[in-house]
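These notes are about the structure you will find just below.
Values in this text are rule-based calculations from the coordinates and carry no lab data. Owing to the predicted nature of the structure, the values given are computational and were not obtained by experimental measurement. Cβ atoms come from the backbone with ideal geometry, glycine included; neighbour counts cover every protein chain shown.
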Amino acid sequence: MASTAVSDIPRPRADLAAAAMDDATLIAACRRGDARAMELLYHQYKRRVFGLCHRIVGPVDAEEVAQEVFVRVFRGLAGFRGDAQLGTWIYRLAVNCALTQAGKQRRRQEVGDDHLEEVAAPPVASRDPRLSRRVEAAMAELPAGYRAILVLHDVEGLSHEECAAIMDCRVGTSKSQLHKARMRMRELLGPALAAERLPGGEAP
Amino acid sequence: MNCRQLAAQVDGYLDGDLDEVGASACRGHLRTCAACRDLADQQTRLRAALAELPPAEPPAHLWAAIDARVGAAEIADSRRGALATGWSRLVAWLRPVAWPVAMVGSAGAIALAVVQLRDAAPSQPLALRAPVIAPAAAPPVRLALRDALDERADLEREADGRFRQVVSELLPLARAEVATWSARRAQAFAHDLERREQAVLVASPGHVRERAWHDLTSYLERVALGEQVALGGGR
């Protein structure tokens, strides 16, 4: 793209103490087009947004979706009314973009290799050396909606209230979706989880 | 509390959402039931594994790419702005002119705008020519639909799993019975079985597949029952 990058042109600069900036100040500065504030906002949320995209759409499409999310964040900040936390709003954009992409991937897959899916062997059957890799593989098998709630609650550690706000559903729905997602994960991981018992094997 | 109740509450128990009485009932059941202890262990293990997943590190060039896309969008804004200003100036200039003349003028202006648009368009990246989408959440209906579809897929998979288990339990019984049959009947059995298994494989999920499963399991049941009857001395 031949266009000039954002940081190359003169922009208003507020006197910003980078570390100590609350959401409202950051949003206001970004709305004015302050390059430093925009970059600061990006760095604050890049891991969460990219991680979420990566786990919902997979490594191939993650970067493209993360770009889309941040472009929408910066283009949409003017319309952000502040009735949700900034983080919740960004997460919601990320989940929406990622689920849209996941839907496209599913359609592509259905058109591409519809008969392959039926005979595909369970991907976690082979014994990976590390549990986390098996967990990632099992997550890739979940329906995208389950994947989203699992990432938000169990990976990112958000509360059900936050998850419900992000997924635009009721708290009860968030809980029941998460329960189903975890049960499916247990099915998919079965032997892997059983093999690595907690030390002592005691109930928590 | 029984195992089914525990399975339904194990999430709430491990998340610490249950009240004292409910949590105590769970603990009581877990003390006495090894299978449920396994379930709870696995859930704990799963949670720990999920919480410990290594963070996905965004690539270093991600900011530059976002920066460039935001920049390109702003340039597109500036072009749209120029077009709008030109248009309003034209309208202001035409205002004193008689109404029909204004109509003709407008038509000309539209033609002019189209020409301007056509000239401006090619230098913009394709993605930016689409209207900028407001960052709104997906409407609740779509989310509800997605939930429902996920749930249906879930149920279908669950049903498949249960049927598969029934078949795996019935098949050895049926085979044991068939072993006592004549070669010709045994061959017929193999043929019938294969036809029914094929029917399950090609059936689309839902009612059609469920009917195929029923056909397969009831067939195996009838064959296996032959052995039961024979063992009981009824034949």
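A few remarks follow.
- A straight line joining the Cα centroids of segment B:19-34 and segment B:169-230 runs 42 Å.
- Value of relative contact order over segment A:123-196, rounded to a whole percent, pairs C-alpha under 8 Å and six or more apart: 35
- Each peptide in A:138-146, A:30-38, B:203-211 receives the mean, over its residues, of other Cβ atoms within 10 Å, and ordering these scores from highest gives A:138-146, A:30-38, B:203-211.
- Inter-label distance, B:LEU201 to A:ALA24: 6.6 nm, where each label sits 7 Å from its Cα along the C-beta direction.
- Positive minus negative residues near B:ASP15 (Lys, Arg vs Asp, Glu; Cβ under 11 Å): 0
- Take A:53-63, B:43-53 and order them by the average number of nearby Cβ atoms within 10 Å per residue, most first; the result is A:53-63, B:43-53.
- Gain on full extension, evaluated as 0.36 nm per residue between A:ARG47 and A:ALA84 minus their Cα-Cα distance, stands at 11.3 nm.
- For the segment A:169-177, counting C-beta atoms of other chains within 10 Å of every residue's C-beta and taking the mean gives 2.
- Inter-chain neighbour count for A:42-54: the average number of beta-carbon atoms from partner chains within 10 Å of each residue's beta-carbon is 3.
- Projecting label points 7 angstrom from Cα along Cα→Cβ for B:ALA60 and A:ALA140 puts them 2.6 nm apart.
- Taking one quarter of the surface of the convex hull spanned by the alpha-carbon atoms of segment A:123-196 gives a direction-averaged projected area of 4.7 nm².
- Shown in residue order for segment A:166-181 are the 3J(HN,Hα) couplings computed by the Karplus curve 6.51 cos²θ - 1.76 cosθ + 1.60 at θ = phi - 60°: 6, 7, 6, 9, 7, 4, x, 5, 4, 5, 5, 5, 5, 4, 5, 4 Hz (x for Gly and Pro).
- Across peptide A:67-80, the mean count of Cβ atoms from other chains lying within 10 Å of each residue's own Cβ comes to 5.
- Each label was represented as a point 7 Å from its Cα along the Cα-to-Cβ direction; for B:ASP192 and A:ARG106 these points are 3.9 nm apart.
- Whole-percent pair-distance distribution, where bins are 10 Å wide, for the alpha carbons of segment B:3-51: 28, 58, 14
- Extent of segment A:31-73 along its three principal axes (Cα atoms, max minus min coordinate, largest first): 34, 15, 11 Å.
- Ranked by how many other beta carbons lie within 10 Å on average, peptides A:79-85, B:22-28 from highest: B:22-28, A:79-85
- Here r is the Cβ-Cβ distance between B:ARG185 and B:ARG211 and R0 is 35 Å; the resulting FRET efficiency, rounded to 0.05, is 0.85.
- In percent, rounded to a whole number, the relative contact order of segment B:140-231 is 40, using alpha-carbon pairs under 8 Å and six or more apart.
- Values of log10 I(q)/I(0), in the order q = 0.24 Å⁻¹, for segment A:17-120 under a Debye, Cα-only, solvent-free model: -1.26
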